[in-house]
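Everything on this sheet refers to the single structure shown next.
The values are calculated or read from the model by the stated rules, or taken from the named source; none is laboratory data. No experiment lies behind these values; they were computed from the predicted model shown. Using ideal geometry, Cβ is built from the backbone for each residue, glycine included, and neighbour counts are taken over all protein chains shown. These area figures cover heavy atoms from the full protein model, side chains too; ligands, DNA and RNA do not enter into them. Shrake-Rupley method; radii C 1.70, N 1.55, O 1.52, S 1.80 Å.
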Amino acid sequence: MIVDLRSDTVTVPDEAMRRAMIEAPVGDDVYGEDPSVNELQQEAARLLGFEAGLFMPSGTMTNQVAIAVHTRRGEEVIVPEGAHVYEWELGMMATFSGVVPRFVHAPLGVPDPADLRAAIRRSIHQSPTGLISLENTHNKAGGTVLPLDVIAGAREVATSEGLPLHLDGARVMNAAAALNVPVSDITRHFDSVSLCLSKGLGAPVGSVLVGSKKFVGQAHRYRKMMGGGMRQAGVLAAAGLVALRDGPKRLGEDHRRARALASSLVNAGYAVDLASVQTNMVYATVPDAARRASEWAERGVKANALSENSVRFVLHHQITDEMLARAIEVVTAPVPA
Ligand SMILES: *Cc1c(COP(=O)(O)O)cnc(C)c1O
């Protein structure tokens with residue numbers, strides 16, 4: 001039995017999803033003529049509370065296209081420390097949009113709206129602020145959720161300062177599940193939102209960027225510049241539609257299993273910041289992490305060693321209770337002398 005807990009990106013399309021892909025009506029999406037892509041874009045926009053959506057191959061592309069639309073060269077983007085748009089997107093905000101990040105302190109991935117306001121720069125001697133970009137759930141902080149009052153506070157700052165507010169919502173469906181609210185309660189505060197279909201929702205490929213009609217019209221041009229104009233992409237969008245419809249209702253189970261794994265790790269003597277275990281991720285302090293992870297992998301349990309003493313486990317819908325029990329057995333076994 002292989003139990004792959006490296007990421008929620010490792011899921012593979014099941015029967016129903018593959019059937020939807022085979023049967024999808026398709027056309028040339030660069031001409032806007034793929035019915036499945038159009039349906040996905042409309043459905044994602046409606047679900048998140050926006051006028052329009054745009055399908056792209058990856059979350060990196062949706063985020064970087066959003067940054068390109070919202071900013072001008074030489075500006076700063078205010079982000080919570082550890083933000084994926086900077087830490088894991090290879091400097092693209094600089095190479096593509098010519099902008100630089102300004103980090104604000106964000107314990108558990110949550111910035112204080114007062115700190116967002118204090119980070120705004122306007123003097124002619126400084127790079128002006130062009131955008132505030134938040135992340136929900138916050139990946140590097142442990143899959144943590146932004147409280148709704150913090151989002152409302154950030155919205156108030158953005159509105160009063162005349163700045164756009166973007167959400168890297170790669171896993172915003174996990175945040176909605178954790179808070180037990182409709183996802184639009186979270187997303188409606190933003191000017192644009194990027195959502196991954198290929199994480200916990202289970203599609204093989206794709207992300208959607210949503211915003212106003214005008215915003216999405218501008219986003220089209222940058223998607224094409226990045227090489228993200230796809231042709232008969234309906235075969236992918238069809239999988240995305242299944243993910244969007246069926247994925248969210250399974251996330252609560254992933255969260256329950258993450259909590260179970262975290263408490264087993266704690267009982268076995270590993271340090272886990274339980275306050276950070278809010279959705280489908282568990283970051284544990286594991287001495288000699290790379291070596292432990294490779295021993296576990298030999299016994300069929302895969303996890304990501306992120307540093308010398310830190311391992312990340314991510315739950316997803318293709319991890320059953322039986323597989324979780326096996327993972328716990330392997331990971332909590334006594335360390336060989
Ligand atoms: C996965 C992820 C993305 C997008 O990643 P891709 O691999 O490019 O699809 C963006 N933001 C966050 C927080 C993520 O976890």
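Listed by position, the helices (runs of 4 or more DSSP H) contained in region 165-260 that have at least 2 residues being more than 17 Å from the chain's Cα centre (by Cα) and within 16 Å of the ligand (Cβ to nearest atom) are 213-225, 234-246.
Within region 274-309, being touching a residue at least 24 places away in the same chain (Cβ under 8 Å), closer than 18 Å to Gly109 by Cα and surrounded by fewer than 15 Cβ atoms within 10 Å (Cβ to Cβ) holds for one residue alone: Ala275.
Scanning region 1-15 for residues that are at pLDDT below 95 and open to solvent by less than 60 Å² (accessible area, probe 1.4 Å) gives no hits. When Gly59, Gly91 are checked against the criterion of being surrounded by fewer than 18 Cβ atoms within 10 Å (Cβ to Cβ) and either under 20 Å from Met226 (Cα atoms) or more than 16 Å from the ligand (Cβ to nearest atom) (or both), a single residue qualifies: Gly91.
Residues are listed down the side, and each one gets a yes or a no for (1) hydroxyl-bearing (Ser, Thr, Tyr); (2) within 16 Å of the ligand (Cβ to nearest atom); (3) assigned to a helix (DSSP H, G or I); (4) more than 17 Å from Gly169 (Cα to Cα):
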site: Ala20; (1), (2), (3), (4): no, no, yes, yes
site: Val37; (1), (2), (3), (4): no, no, yes, yes
site: Arg72; (1), (2), (3), (4): no, no, no, yes
site: Val77; (1), (2), (3), (4): no, yes, no, no
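Residues that are open to solvent by less than 20 Å² (accessible area, probe 1.4 Å) and of a type in the set (D, E, K, R) were ranked within region 26-35; the one that is farthest from the ligand (Cβ to nearest atom) is Asp34.
Among the residues here, Ala45 qualifies as assigned by TED's automatic domain parsing to the domain that holds Ala119, part of a helix (DSSP H, G or I), surrounded by fewer than 23 Cβ atoms within 10 Å (Cβ to Cβ) and not basic (Lys, Arg). Of everything in region 310-325, what is surrounded by fewer than 18 Cβ atoms within 10 Å (Cβ to Cβ) and either out of contact with any Phe, Trp or Tyr (no Cβ under 8 Å at 6 or more places or on another chain) or of a type in the set (Phe, Trp, Tyr) (or both)? Give them in sequence order. Gln318, Thr320, Asp321, Glu322, Ala325 - these are the residues of region 310-325 that are surrounded by fewer than 18 Cβ atoms within 10 Å (Cβ to Cβ) and either out of contact with any Phe, Trp or Tyr (no Cβ under 8 Å at 6 or more places or on another chain) or of a type in the set (Phe, Trp, Tyr) (or both). Within region 110-120, is there a residue that is open to solvent by less than 10 Å² (accessible area, probe 1.4 Å), within 16 Å of the ligand (Cβ to nearest atom) and assigned to a loop (DSSP other than H, G, I, E, B)? Yes.
The set of residues from region 71-87 being of a type outside the set (Val, Ile, Thr) and either touching an Asp or Glu at 6+ places or on another chain (Cβ under 6 Å) or surrounded by 14 or more Cβ atoms within 10 Å (Cβ to Cβ) (or both) comprises Glu75, Glu76, Pro80, Glu81, Gly82, Ala83, His84, Tyr86, Glu87.
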